[in-house]
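The values are calculated or read from the model by the stated rules, or taken from the named source; none is laboratory data. Model, not experiment: these values are computed from the prediction. Neighbour counts run over all protein chains shown; Cβ positions are idealised from the backbone, glycine included. The protein model used for the area step is the full one, side chains on, heavy atoms only, and it has no ligands, DNA or RNA in it. Shrake-Rupley method; radii C 1.70, N 1.55, O 1.52, S 1.80 Å.
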Amino acid sequence: MKKYVNAKEVLPDALIKEIQKYVKGQHIYIPQTERQSWGASTGIRDEMELRNEEIFQQYHGGLSIAELAEIFNLSEDRIRGIIYGKRT
């Protein structure tokens, strides 16, 4: 759910009056100038990197792709993508 903020709470009165010359009583969206990358604010990206590294290490430790797919509840194709994408 989106959280809307009343302009009076965050903008100076002079700026609100200037905006009202162009938009009156309508909702407007002000886009962010800098966006965070996917997963940066929740930490999910870091968790996935750790999971993928663990998959890579376990594969090179002797587990099969089928075993890893079962353990991590991922498709064999996804496991292959993680393993082959991690080649260095």
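Below are the figures for this structure:
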{"item": "Looking only at region 52-88, and only at residues there that are at pLDDT 85 or above and among the polar types (S, T, N, Q), the one that is most open to solvent (accessible area, probe 1.4 Å)", "result": "73"}
{"item": "Region 57-88, residues that are among the basic types (Lys, Arg), more than 17 Å from residue 47 (Cα to Cα) and part of a helix (DSSP H, G or I)", "result": "80"}
{"item": "Check on residue 69, without any contact (Cβ under 8 Å) to a residue 40 or more places away in the chain and touching a Ser or Thr at 6+ places or on another chain (Cβ under 7 Å)", "result": "yes"}
{"item": "Output for region 11-36, where each listed residue is open to solvent by less than 100 Å² (accessible area, probe 1.4 Å) and either assigned to a helix (DSSP H, G or I) or among the hydrophobic types (A, V, I, L, M, F, W, C) (or both)", "result": "11, 14, 15, 16, 18, 19, 20, 23, 28"}
{"item": "Subset of region 37-51 [on the phi > 0 side of the Ramachandran plot and open to solvent by 100 Å² or more (accessible area, probe 1.4 Å)]", "result": "none"}
